[in-house]
1. Can you tell me which of (1) in contact with a Pro (Cβ under 6 Å, 6 or more places away or on another chain); (2) without any contact (Cβ under 8 Å) to a residue 40 or more places away in the chain is the one ILE36 doesn't meet?
2. Out of the residues in the range 44-85 that are basic (Lys, Arg) and outside any helix (DSSP H, G or I), which is surrounded by the most Cβ atoms within 10 Å (Cβ to Cβ)?
3. Criterion first (within 15 Å of LYS33 (Cβ to Cβ), in contact with a helix residue (DSSP H, G or I) (Cβ under 9 Å, 6 or more places away or on another chain) and at pLDDT below 95) does MET62 satisfy it?
4. Looking at (1) assigned to a helix (DSSP H, G or I); (2) at pLDDT 90 or above, which one does GLY22 not meet, given that it meets all the others?
5. Of all the residues that make up the range 52-87, how many are without any contact (Cβ under 8 Å) to a residue 12 or more places away in the chain and more than 24 Å from PRO26 (Cα to Cα)?
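The values are calculated or read from the model by the stated rules, or taken from the named source; none is laboratory data. Nothing here was measured: the structure is a model prediction, and the numbers come from that model. Heads up, the Cβs are rebuilt from the backbone with ideal geometry, glycines too, and the neighbour counts pull from every protein chain shown.
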Amino acid sequence: MIIRRLYLFALLFVFLSAGVAGAQNPLLDLVAKNVIQKYQSSTCEQLWEARGKPKSAQEQEMIQLLRSDPTLRTQFINMIAGPVANKMFECSMIP
C-alpha cells in the first residue's frame, strides 16, 4: 500500500514537472523566434549600435530566467545559435 502511494506520488510529480516545462516552452519558442527575427531583420550597423545599449526590463527578466534554469538556457541557445551566429559572423562580430 505504501509502495503504491509512493509510486503514485512519483508519477504525479513527473506529470507536474512535465506540465511546467511544457508550459514554458511556448514562451521560450516565442522569445527565441523574436531574437532570431531581430538578428535576421537588422543591419550590421543596427546590431553594433544595439550592443552597447542597456537591456529592457523584459530582456533582463528573460536573461535572469535563463541564468537560473540551465535546461531552459540550453533549449534557448540550441534554438538561436545557428541564425544568430551566422548573422554575427556576417557582421564581423565574431571571427
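1. (2)
2. Residues of the range 44-85 that are basic (Lys, Arg), as a first pass: 51, 53, 55, 67, 73.
When the remaining residues are screened for being outside any helix (DSSP H, G or I), the result is 53, 55.
Numbers: LYS53: 7, LYS55: 11.
Per the criteria, the residue is LYS55.
3. Values: within 15 Å of LYS33 (Cβ to Cβ): yes; in contact with a helix residue (DSSP H, G or I) (Cβ under 9 Å, 6 or more places away or on another chain): yes; at pLDDT below 95: yes.
Against the criterion (within 15 Å of LYS33 (Cβ to Cβ), in contact with a helix residue (DSSP H, G or I) (Cβ under 9 Å, 6 or more places away or on another chain) and at pLDDT below 95), MET62 qualifies.
4. (2)
5. In the first step, residues of the range 52-87 are kept if they are without any contact (Cβ under 8 Å) to a residue 12 or more places away in the chain; the result is 52-61, 63-70, 73-74, 77-78, 81-82, 85-86.
Then drop every residue that is not more than 24 Å from PRO26 (Cα to Cα), which leaves 52-54, 86.
Number of matching residues: 4.
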